[in-house]
1. Please turn the phi angles of region 95-101 into ³J(HN,Hα) values with the Karplus equation 6.51 cos²θ - 1.76 cosθ + 1.60 (θ = phi - 60°), one per residue in order, whole Hz, x for glycine and proline.
2. Can you compute the charge dipole magnitude of region 8-162 about its Cα centre, using +1 on each Lys and Arg Cβ and -1 on each Asp and Glu Cβ, nothing else charged? Give it in debye, rounded to the nearest 20.
3. If the cut-off is a Cα-Cα distance under 19 Å, which lysines reach Lys9, setting aside same-chain residues fewer than 8 apart in sequence?
4. With the calculation restricted to Cα positions, what are the radius of gyration and Dmax of region 8-162 in angstrom?
5. For the chain, what does -39500 (n - 2.57) per DSSP helix run (n ≥ 4), summed and divided by total residues, give at 222 nm, in deg cm²/dmol to the nearest 500?
6. Any idea what the relative contact order of the chain is, in percent, if you count C-alpha pairs under 8 Å spaced at least 6 apart?
7. Equivalent-ellipsoid semi-axes (√(5λ), Cα gyration tensor) for region 1-88, whole Å, largest first?
8. Cα to Cα, under 18 Å, and not fewer than 8 places away if on the same chain: which lysines meet these conditions relative to Lys72?
Amino acid sequence: MSNQFSGTKEVAENLAFSLDNLNKYLLEKAINISLISECKQFKGGQSNPTYLLTGNGKNYVLRRKPPGKLLKSAHAVGREYRVISALKDTPVPTPKTYHLCEDPKVIGTDFYIMEYCDGVIYWDPVASEVNTERRKGIFDQLNFGISALHSQNYKKLGLEDFGKEGNYIEDKSQDGQNNILILKRKLLTQCIN
């Protein structure tokens, strides 16, 4: 397992936020979690900054949009929260969700808080660091999760208005092409001026 991505670290300065603001907000909204006394940043991940929150001996996870100017469809923590919450009473292994905040005044960006699930993240896709028997168990659980997810009826989960039906890959490819055109126009405008 790569220690480079495992565990937590001190929160990077550009990703820090006020625990006082967070705790005030949690109290105001009567969110049923302990007040937070410690915050660490998870080392791994590539998209939304993720934090380990500790309060009164209990652990929680906070995921938020990164600060700065973002593409419209990127870093949709509200979308993550909605899907995880919708799966709560299904066989799909998901953490309990506590709250979604879409008010950037609280900690600088939208965020949500969910249950912390202790476990191991295998950064090597074939889990070569474990023996064959353990690897078999890991992939059995992975396949169970994928199967459970694909057996869900998204309409019955209340996700019928979630995105649009059709060819996801084609849509994302078009989004990418549109983003490239926007960037090209901006660069050309800057070069001309």
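1. Per residue, the Karplus-derived 3J(HN,Hα) values read x, 6, 9, 10, 6, 10, 10 Hz.
2. Computed charge dipole of region 8-162: roughly 220 debye.
3. Straight-distance partners of Lys9: Lys40, Lys43, Lys58, Lys65.
4. 17.0, 50
5. -11000 deg cm²/dmol
6. With pairs under 8 Å counted, the relative contact order is 17 percent.
7. The equivalent ellipsoid of region 1-88 has semi-axes of 20, 19, 15 Å.
8. Lys164, Lys172, Lys184, Lys186
Quick note: the coordinates plus some simple rules give every number you see, no bench work behind them. The shown structure was predicted, so the numbers you read here are calculated from the model rather than taken from an experiment. Cβ: placed from backbone, ideal geometry, glycine included. Neighbour counts: every protein chain shown.
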